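Colleague: Mind having a look at this structure? Questions to follow.
The values are calculated or read from the model by the stated rules, or taken from the named source; none is laboratory data. Model, not experiment: these values are computed from the prediction. Note that we place each Cβ from the backbone using ideal geometry, even for glycine, and neighbour counts take in every protein chain shown. Just the protein is used for accessible areas: all its heavy atoms, side chains included, with ligands, DNA and RNA removed. Shrake-Rupley method; radii C 1.70, N 1.55, O 1.52, S 1.80 Å.
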Amino acid sequence: MEFLKKLGIKEKNFGASTGTKWLETTDQNELKIYSPATGEFIASVYQASEADYEKVVQTAHEAFIKWRMMPAPKRGEIVRQIGNRLREFKQELGTLVSFEMGKSLQEGLGEVQEMIDICDFAVGQSRQLYGFTTQSERPMHRMYDQYHPLGVVCTISAFNFPVAVWSWNAMIAAICGDTNIWKPSSKVPLTAIATQNIIQKVLIDNDVPDGVFTLIVGRGSTIGERILNDKRIPLISVTGSTRVGRHAGEVIAKRFGRAILELGGNNAIIISPDTDLKIAIPAVVFGAVGTAGQRCTSTRRLIIHESIYDKVKESMVKAYKSLKIGNPLDQKNHVGPLIDKSAVNEFTAALEKVKKDGGKVIFGGEILKGEEYKSGSYVVPALVEAENHYEIVQEETFAPILYLIKYSGDVHNAIALQNRVVQGLSSSIFTNNLREAEAFLSAEGSDCGIANVNIGTSGAEIGGAFGGEKETGGGRESGSDAWKAYMRRQTNTINFGTQLPLAQGIKFDI
């Protein structure tokens with residue numbers, strides 16, 4: 001395929017890079033990558049060895065020693081050029097994201113646009129790595145905060161956003177003076193390799209130290225565990241399930257490392273009696289079926305006031321009947337495949353469980369068969385009438401299942417239902433009632449890291465800090481002041497007088 005050639009994807013690809021050089025290990029198992037869209041073989045990747053890992057970490061550390069001393073705006077200039085390079089390959093990389101992962105082409109292109117946007121954001125941020133001055137209680141003293149580069153940062157990304165999450169971390173870390181190791185999901189390594197190929201020219205043209213942007217594709221049981229335990233890596237960003245994040249967080253904490261955890265979501269939209277359904281229904285549908293329900297911000301629960309429940313249910317069924325399911329590269333289709341057959345099994349198992357709990361599937365739930373769906377990964381998104389306390393509703397099923405839940409009384413009852421899960425990533429309310437909107441955003445409102453009014457739960461902009469509370473992990477990435485996580489904070493006090501007064505008025509004369 002022409003787009004693969006332009007991205008430098010060969011039939012067989014190496015799985016480790018120091019930034020400008022590929023390490024040519026071929027004896028650590030070969031990952032064969034098939035498209036969930038068509039079932040066809042795309043290419044293979046040789047997994048990295050532990051010797052490759054050691055080379056990558058050592059190179060990243062050596063690069064950090066040099067990179068941290070480059071002025072931040074100069075580091076920003078490298079990131080600016082990376083953003084421009086991504087613009088040149090947006091169509092090809094977006095197509096590969098869609099083909100390898102299964103999300104629609106529009107979403108694939110949008111993901112690459114996120115990469116471009118975060119580059120632009122990081123360029124501006126490179127001139128604003130600010131601290132602040134504090135008034136000292138001692139005369140002739142100045143006290144201030146400043147931020148220094150942290151070291152080697154590792155980004156462990158998930159299959160559902162195979163390139164964007166890396167860019168959120170790597171571009172911000174780069175302008176902060178850190179170097180980055182990228183361990184992508186073994187389900188979608190080709191997009192990572194393509195990205196490394198794209199940025200390599202910028203690194204070479206600017207004589208960037210080898211090791212600033214590195215890549216390693218390897219087993220979680222070996223390479224992954226080494227990363228978690230490696231004291232040379234002070235910060236690791238982990239995107240994945242709550243189970244994966246809990247293990248990673250515990251291991252990293254034991255060595256006093258830092259973790260940015262972006263874990264599960266069980267996101268709800270509240271539909272109040274004062275909702276404008278013309279904008280609410282499309283937002284709910286996109287949130288529930290976009291990326292085939294495989295976003296951490298996907299809408300899982302729809303909490304509807306009893307007075308409009310039947311009307312909303314009817315509108316949702318009508319909308320779901322209009323969905324076109326098929327090859328994500330065909331822009332007429334709304335919904336592509338799940339990532340693999342294991343995900344399909346989780347989808348069907350969840351539907352069986354909710355029916356046993358007392359729920360009712362009112363639309364969808366089938367596995368599609370036929371030539372167009374020969375990969376075996378296509379399903380019909382499901383609408384299910386359920387109650388919030390059902391065990392399966394309390395879990396995150398990474399698939400297009402939307403639970404319709406009824407509430408009565410005022411908005412506080414709906415908020416209580418929304419908050420009554422262990423996850424706390426994204427949330428939304430649709431209402432034209434100012435009091436309801438403000439209650440939702442207040443201290444007694446949504447307990448999620450993201451809370452929206454009259455927009456859906458998915459599709460966050462890069463300008464805001466992204467992340468959630470409770471079992472979502474508490475991490476923050478991307479915009480706002482998330483850059484501070486990639487730096488070490490230092491308080492400085494300067495005595496420019498001729499005396500030595502002590503804090504708190506302590507006297508010590510010798």
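Colleague: About its Cα centre, how strong a charge dipole does region 276-342 have in debye, to the nearest 20, once Lys and Arg get +1 and Asp and Glu get -1 at the Cβ?
Modeller: Magnitude of the dipole: close to 100 debye.
Colleague: Taking the DSSP beta bridges in the chain as the whole, what percent of them are antiparallel, to the nearest 5?
Modeller: Rounded to the nearest five, the antiparallel share is 40 percent.
Colleague: Could I ask something else about it? Taking the Cα centre of the chain as the origin and placing charges on Cβ (Lys, Arg +1; Asp, Glu -1), which of 272, 42, 486 is farthest toward the positive end of the dipole?
Modeller: Result: 486, furthest along the dipole toward the positive end.
Colleague: Could I ask something else about it? State whether region 213-273 is rounded, prolate or oblate according to the following rule on the C-alpha gyration tensor (a ≥ b ≥ c being the square roots of its eigenvalues): a/c under 1.5 gives rounded; otherwise a/b larger than b/c gives prolate, and the remaining case gives oblate.
Modeller: prolate
Colleague: With a probe of 1.4 Å, find how much accessible area the chain has per residue, and write the answer as a whole number in Å².
Modeller: That works out to 42 Å² per residue.
Colleague: For residue 26 paired with residue 201, estimate the spin-label separation in nm (one decimal), with each label point 7 Å from Cα along the Cα-to-Cβ line.
Modeller: Going from the residue 26 label point to the residue 201 one covers 2.8 nm.
Colleague: Could you state how much accessible area residue 2 has, in square angstrom rounded to the nearest 10, with a 1.4 Å probe and all protein chains kept in place?
Modeller: Counting only protein heavy atoms, residue 2 exposes about 110 Å² to solvent.
Colleague: Quick one: work out the % antiparallel among DSSP beta bridges in region 321-466, nearest 5.
Modeller: Restricted to region 321-466, the bridges split so that about 30 percent are antiparallel.
Colleague: Step through the residues of region 490-505 one at a time and calculate ³J(HN,Hα) from phi using the Karplus curve (6.51 cos²θ - 1.76 cosθ + 1.60, θ = phi - 60°), rounding each to whole Hz and writing x for Gly and Pro.
Modeller: 9, 9, 10, 10, 10, 9, 10, x, 10, 10, 10, x, 9, 5, 6, x
Colleague: Going by average Cβ neighbours within 10 Å, how do the peptides 352-364, 41-53 rank, with the highest at the top?
Modeller: So the order, starting with the most tightly packed, is 41-53, 352-364.
Colleague: Any idea which of 223, 379, 389 is furthest toward the positive side of the dipole for the chain, if Lys and Arg beta-carbons carry +1 and Asp and Glu beta-carbons -1?
Modeller: Towards the positive end, the residue furthest out is 223.
Colleague: Probe radius 1.4 Å, ligands and nucleic acids left out: which of 243, 75 has the largest accessible area, and how do the rest follow?
Modeller: From most exposed to least exposed: 243, 75.
Colleague: Quick one: grab the alpha carbon gyration tensor of the chain, order the square roots of its eigenvalues as a ≥ b ≥ c, and give me rounded if a/c is under 1.5, else prolate or oblate depending on whether a/b is larger than b/c.
Modeller: It is oblate, given that a/c is not under 1.5 and a/b is not larger than b/c.
Colleague: Roughly how many debye, to the nearest 20, is the charge dipole of the chain about its Cα centre, given +1 on each Lys and Arg Cβ, -1 on each Asp and Glu Cβ, and no other charges?
Modeller: The dipole magnitude comes to about 680 debye.
Colleague: To continue, here is another question. How would region 135-212 be classified by its alpha-carbon gyration tensor: rounded, prolate or oblate, with rounded meaning a/c under 1.5 and the a/b versus b/c comparison settling the rest?
Modeller: Taking the square roots of the gyration eigenvalues as a ≥ b ≥ c, region 135-212 is prolate.
Colleague: Longer than 21 Å from Cα to Cα, which of 74/201; 324/369; 12/103; 21/183; 103/360 are they? Say none if no pair is.
Modeller: Correct reply: 12/103; 103/360.
Colleague: While we're here: May I ask you to compute the full-extension gain from residue 453 to residue 323, defined as 0.36 nm times their residue separation minus their alpha-carbon distance, rounded to one decimal in nm?
Modeller: Extra length from residue 453 to residue 323 when fully extended: 44.3 nm.
Colleague: Something else now. Which whole-Hz couplings ³J(HN,Hα) result when phi for each residue of region 55-68 is put into the Karplus expression 6.51 cos²θ - 1.76 cosθ + 1.60, θ = phi - 60°, listed in order with x for Gly and Pro?
Modeller: Result, ordered by residue: 5, 5, 5, 5, 5, 5, 5, 5, 5, 4, 4, 8, 4, 5 Hz.
Colleague: Give the carbon-plus-sulfur fraction of the accessible surface of region 184-231 in %, rounded to a whole number; probe 1.4 Å, heavy atoms of protein chains only.
Modeller: About 46 percent, which is the carbon plus sulfur part of the accessible surface.
Colleague: Let me spell out the model: positive unit charges on the Cβ of Lys and Arg, negative unit charges on the Cβ of Asp and Glu, origin at the Cα centre of region 1-138. What dipole size does that give, in debye rounded to 20?
Modeller: Result for region 1-138 is approximately 660 debye, rounded to the nearest 20.
Colleague: Follow-up question, since we're still on this one. Along the charge dipole of region 104-150, Cβ charges K/R +1 and D/E -1, which of 108, 121, 136 sits furthest on the positive end?
Modeller: 136
Colleague: Let me ask something additional. Please give, to one decimal in nm, the separation of the simple spin-label points placed at residue 498 and residue 241, each 7 Å out from Cα toward the Cβ.
Modeller: Each label point lies 7 Å from its Cα, and together they span 7.1 nm.
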